[in-house]
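The values are calculated or read from the model by the stated rules, or taken from the named source; none is laboratory data. If you're wondering where the values come from, they're calculated on a predicted model, not measured in any experiment. Note that each Cβ is placed from the backbone with ideal geometry, even for glycine, and that neighbours are counted across all protein chains shown.
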Amino acid sequence: MNKRLFYALDISPADKQRIEAIRQPIIEHSRPVLADNFHITLCFMGNISNIHARAFNNVVENLYQTFSTLTDDENIVIANSIGLFKKPQVLYLGFAQFPEVFRNIANNLSQAATDLDIYQENRPYFPHLTIARKAKFVPEYSPFSLTLDISSLSLYESVSTKNGVKYTPLKTWRIKSSV
């Protein structure tokens, strides 16, 4: 049976609350994403088989050594802007700082998908965190700088429910700090 899967960097509950505080005053003309669903997608695979999912997990296991011992300074992302993907009408947080190791993981996962004949958009990886959908414009907002501590990477299943989309982690890889 196929599942709708993606890999993402996890956001802590405390950081999700801080993101919620920043976005709350500016999303009145859009549909907010549930704070529980905040994440930074590394690779979206769509509906794939269990065989493909296992192959991807093997790729992540091989990549794990590159991110399993990051120091506290190396697993920090800093959000400082709000942007809009016009066609899908997605309002997102953009990043002033995004570690190269996370970009490399995203690129490796995308290449693995391509190697398995799973469709990937042909464009450079653009890290972002979706905060709302059905947005038509970037609202005015006060300047901010939000430091987020990334502690893990997870394989998620996206399931549509009558109450909206629910993202369930199927497997999580911890990013260990050297401290």
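Among the numbered conditions (1) within 16 Å of SER110 (Cβ to Cβ); (2) modelled with pLDDT of 85 or more; (3) under 18 Å from the mean Cα position of the chain (by Cα), the only one that LEU63 does not meet is (2).
Say whether the condition of being in contact with a Phe, Trp or Tyr (Cβ under 6 Å, 6 or more places away or on another chain), in a loop (DSSP other than H, G, I, E, B) and modelled with pLDDT of 90 or more is met by at least one residue in region 125-136. Yes, region 125-136 contains at least one residue that is in contact with a Phe, Trp or Tyr (Cβ under 6 Å, 6 or more places away or on another chain), in a loop (DSSP other than H, G, I, E, B) and modelled with pLDDT of 90 or more. Among the conditions (1) surrounded by 14 or more Cβ atoms within 10 Å (Cβ to Cβ); (2) modelled with pLDDT of 95 or more, the only one that THR147 does not satisfy is (1).
Evaluate the following for LYS162: is it in contact (Cβ under 8 Å) with a residue 12 or more places away in the chain and over 16 Å from the mean Cα position of the chain (by Cα)? No; evaluated as a whole, the condition is false for this residue. Inclusion of LEU70 among residues that are farther than 30 Å from GLU140 by Cα, over 16 Å from the mean Cα position of the chain (by Cα) and of a type in the set (A, V, I, L, M) is warranted. Beta carbons closer than 8 Å, at least 6 apart along the sequence or on distinct chains, pair a first residue in region 31-45 that is in contact (Cβ under 8 Å) with a residue 60 or more places away in the chain with a second that is in a strand (DSSP E or B) and acidic (Asp, Glu) for HIS39/ASP10.
Evaluation of PRO169 against the conditions (1) in a strand (DSSP E or B); (2) touching a Pro at 6+ places or on another chain (Cβ under 9 Å) shows that the sole unmet condition is (2).
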